[in-house]
């Protein structure tokens with residue numbers, strides 16, 4: 001009997017379950033895969049994306065050689081959007097990773113040590129949470145210049161308090177469990193308990209929070225770029241495209257709509273991916 005005839009029988013056999021990935025998860029991975037491709041190869045595909053061509057200024061969508069038209073400097077919208085993926089998505093990734101590392105360290109300290117350590121870190125966290133992000137970004141830009149990496153550092157500082165609170169809550173929930181009590185009875189060091197035992201059990205929480213921070217950082221950095229903070233004029237960046245396209249909104253609305261749609265789609269894909277992974281974790285622990 002051929003293998004083709006056996007396949008339906010095996011698939012239909014009792015007790016054999018074929019697990020299928022949700023459509024939402026597959027769609028999110030496809031979107032993020034395309035975004036990753038643009039980040040890695042966007043500048044190679046469109047090396048002259050930021051080159052000015054005043055003779056082709058403000059062409060409407062559908063023009064020959066310009067699917068979405070051009071901006072006021074004659075730059076192709078498609079090329080600019082693909083090339084701008086790197087500056088739009090790499091900075092937020094550094095923000096999410098940096099805030100996760102710093103927040104995890106201090107969150108573990110606050111939740112495990114508690115007492116004076118917890119009190120001090122909680123008060124510093126409250127102070128940082130009270131800072132207005134946009135206003136702080138403008139102040140930093142005025143002092144240090146509208147630098148991309150200064151903006152990244154600023155957002156790491158602003159995002160870290162949320163990570164500290166989330167990790168602290170997770171640690172407080174875990175420290176009462178038997179494996180922590182057993183580790184204490186074996187007289188393992190506090191650092192080993194925190195970073196060899198607690199951290200492993202906090203990974204699902206950390207992963208979900210990292211993805212949510214990444215989505216929020218994409219929006220935050222794009223908003224600051226729209227205000228002229230973070231990226232220099234003429235840089236390929238989705239947030240910068242929003243403010244550049246505002247000037248030609250009626251002659252070529254695609255100049256603003258295209259980067260806005262990209263920001264929304266990628267941020268939503270990251271959020272939905274975090275939700276899908278969180279749902280898988282809940283199913284895995286269900287008795």
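Just so it is clear, none of the values below were taken in a lab; they were calculated from the coordinates. Bear in mind that the values here come from a model prediction, so they are computed numbers and not experimental data. Cβ: placed from backbone, ideal geometry, glycine included. Neighbour counts: every protein chain shown.
Structure summary
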quantity: Three-way shape label, the chain, alpha-carbon gyration tensor, a/c 1.5; calculated: oblate
quantity: Sorted by Cβ neighbour density within 10 Å, fewest at the top, the residues 250, 37; calculated: 250, 37
quantity: Full-extension gain in nm, residue 34 to residue 172, via 0.36 nm per residue minus C-alpha separation; calculated: 45.8 nm
quantity: The range 137-219: relative contact order in percent, alpha carbon pairs under 8 Å with at least 6 residues between; calculated: 27 percent
quantity: Relative contact order (%) - the range 23-285, alpha-carbon pairs under 8 angstrom, separation at least six; calculated: 27 percent
quantity: Gaussian network model of the chain, springs between alpha carbon atoms under 10 Å - residue of 186, 32, 224 with greatest fluctuation; calculated: 186
quantity: Cα gyration tensor, the range 166-269 - rounded (a/c under 1.5), prolate or oblate; calculated: prolate
quantity: Neighbour-count ranking [beta-carbon atoms within 10 angstrom, fewest first] of 80, 67; calculated: 67, 80
quantity: The chain: calculated mean residue ellipticity at 222 nm from DSSP helix runs of at least 4, using -39500 (n - 2.57); calculated: -23000 deg cm²/dmol
